[in-house]
1. Is there a residue being part of a loop (DSSP other than H, G, I, E, B) and either touching a residue at least 40 places away in the same chain (Cβ under 8 Å) or crowded, with 22+ Cβ neighbours inside 10 Å (or both) anywhere in region 29-38?
2. Being within 17 Å of the chain's Cα centre (by Cα) and either within 16 Å of residue 103 (Cβ to Cβ) or free of Cβ contacts under 8 Å to residues at least 12 places away in the same chain (or both) is the filter here; which residues of region 168-183 pass it?
3. With respect to residue 144, determine if the residue is surrounded by 14 or more Cβ atoms within 10 Å (Cβ to Cβ), within 22 Å of residue 42 (Cα to Cα), touching a residue at least 12 places away in the same chain (Cβ under 8 Å) and more than 15 Å from the chain's Cα centre (by Cα).
4. Taking the stated definitions as given, is residue 154 surrounded by fewer than 18 Cβ atoms within 10 Å (Cβ to Cβ), outside any helix (DSSP H, G or I) and at pLDDT 95 or above?
5. Among what's in region 2-28 and is outside any helix (DSSP H, G or I), more than 19 Å from residue 160 (Cα to Cα) and in contact with a strand residue (DSSP E or B) (Cβ under 6 Å, 6 or more places away or on another chain), pick the residue that is modelled with the lowest pLDDT.
6. List pairs: first in region 103-122 and at positive phi, second part of a loop (DSSP other than H, G, I, E, B) and at pLDDT 95 or above, Cβ under 8 Å, 6+ apart or cross-chain?
7. Identify the single condition in (1) closer than 27 Å to residue 30 by Cα; (2) in a loop (DSSP other than H, G, I, E, B); (3) modelled with pLDDT of 90 or more that residue 90 does not satisfy, given that it satisfies every other one.
8. Could you list all residues from region 158-167 that are outside any loop (DSSP other than H, G, I, E, B) and either under 18 Å from the mean Cα position of the chain (by Cα) or surrounded by 15 or more Cβ atoms within 10 Å (Cβ to Cβ) (or both)?
């Protein structure tokens, strides 16, 4: 049995949306709730969510008792700052995690089956990073073994962990696809809602 922390990144300013995108509605749930629910299905008591911009508003609206919320005061510095904040917190939890699974709070279409396939692949070799294949590049969702926690805490800028994923030989790509759509604009939201109503 592998012990994996789920880290959901949702600290952005939603600069291309007129409202905090964490709180746009998809059906009866907020966007962020949709992602957190999938995280809880995977490892119920070990879901961590990094908030930044509009943190208080988001926290008041999201009723997720099993989620450990973390505030990133450096959210303006980009995605990497949220990873650093989240991984630092996870290390301090003393839960002896084997790895961290990083999800983005604006990717609601990632399937639970896809995540489970990533975890199954990781369980075969816990020294390897498991990444998602976007065609021309690798990205998240991704699983990082605990041996990479120190490296993750050194990243900076808005590229997140992409440099580690795309320049490391110990990365295995999952031979499976999912819907990687991320909700950045009103158009993205409308298109996604149309796709799930088909």
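The values are calculated or read from the model by the stated rules, or taken from the named source; none is laboratory data. Everything numeric in this text was worked out from a predicted model, so none of it was measured. Every residue, glycine as well, gets a Cβ built from its backbone with ideal geometry; the counts of neighbours run over all protein chains shown.
1. Residues of region 29-38 part of a loop (DSSP other than H, G, I, E, B): none.
No, region 29-38 has no match at all.
2. Residues satisfying the conditions are 174, 178, 179, 180, 181, 182, 183.
3. Values: surrounded by 14 or more Cβ atoms within 10 Å (Cβ to Cβ): yes; within 22 Å of residue 42 (Cα to Cα): yes; touching a residue at least 12 places away in the same chain (Cβ under 8 Å): yes; more than 15 Å from the chain's Cα centre (by Cα): no.
Judged against the criteria, residue 144 is not a match.
4. Working: surrounded by fewer than 18 Cβ atoms within 10 Å (Cβ to Cβ): yes; outside any helix (DSSP H, G or I): yes; at pLDDT 95 or above: yes.
Against the criterion (surrounded by fewer than 18 Cβ atoms within 10 Å (Cβ to Cβ), outside any helix (DSSP H, G or I) and at pLDDT 95 or above), residue 154 qualifies.
5. Residue satisfying both the conditions and the ranking: 20.
6. none
7. In the conditions (1) closer than 27 Å to residue 30 by Cα; (2) in a loop (DSSP other than H, G, I, E, B); (3) modelled with pLDDT of 90 or more, residue 90 misses (2) alone.
8. Start the filter on region 158-167 by keeping residues that are outside any loop (DSSP other than H, G, I, E, B), which leaves 162-167.
Scanning region 158-167 gives 162, 163, 164, 165, 166.
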